[in-house]
Amino acid sequence: MPPTTNDNVGCGDETFVQLLTAEQFKLLRYIAILLGDPEAASNVLQNTNLVLWRKADEFQPGSNFSAWARQVAYWEVRAYIRNERRDRHVFSDEVIEQLAQQDISESFDGDVRVALRHCLQTISKSNLRLLQQRYEQGASIASLATEYGKTDSAVRVGLLRLRRALLACIRKRVGTCE
């Protein structure tokens, strides 16, 4: 259970609470984008809040609270992923790092990433593996064709169909018709 006060908070309890409260939506959105799972993001946000509160005395008044809180959230996401590694739908550390480095200020982009995460959970293990090999690991079409015993053309068409299916699923989830 978190302490009710933190006598060591450099900028005062009230100011710190105001900063933390104002940051909640942005932190939740950031975590949800990195995890792609709103329920897990809510849990990670709670852990992040506890860590931020415990480390409140480390925050330097006048510095960028958002950046500091986001860095704590990033490490809490990494800890969550380490604990959930057995789940086949958890992104690799490299993908999380790439997402974390991107500018995610537009909520639509966040909605799309959350929708993509959901849509990836709906495809078969073999199709997910194919997508990961091609786009996460950078495997060539030729190497995938050899591995799967198909022609280059068949692999290209299969990937095209998967991308189209994911796009349709994403559009349905975020409510766009484009």
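Some notes on this structure:
- Computed from phi, the 3J(HN,Hα) profile of the stretch 15-22 under the Karplus parametrisation 6.51, -1.76, 1.60 (θ = phi - 60°) reads 5, 4, 4, 5, 4, 5, 5, 5 Hz, with x in place of Gly and Pro.
- Karplus-derived HN-Hα couplings along the stretch 47-62 (A = 6.51, B = -1.76, C = 1.60, θ = phi - 60°), whole Hz, x at Gly and Pro: 5, 4, 4, 5, 5, 4, 5, 5, 9, 3, 5, 7, 6, 8, x, x
- Among 149, 162, 133 - extreme Cα towards positive end, dipole of the stretch 122-178, charges at beta-carbon: 162
- Each Cα pair of the stretch 122-178 feeds into the Kirkwood radius, which the Stokes-Einstein equation turns, at 10 °C and 1.306 mPa s, into a diffusion coefficient of 131 µm²/s.
- Taking other residues whose beta carbon is less than 12 angstrom from the beta carbon of residue 163, and scoring Lys, Arg as +1 and Asp, Glu as -1, yields +4.
- Here the peptides 167-173, 32-38 are ranked by packing, the mean other Cβ count within 10 Å, and the order with the highest first is 32-38, 167-173.
- Under the Karplus curve 6.51 cos²θ - 1.76 cosθ + 1.60, θ = phi - 60°, whole-Hz ³J(HN,Hα) for the stretch 117-126, x wherever Gly or Pro sits: 4, 4, 5, 4, 6, 8, 8, 5, 4, 5
None of the figures in this text is laboratory data; all of them are computed from the coordinates on show. All figures in this text were calculated on a predicted structure; none of them were measured in a lab. Don't worry about glycine lacking a Cβ; one is built from the backbone with ideal geometry, like all the others, and counts go over all protein chains shown.
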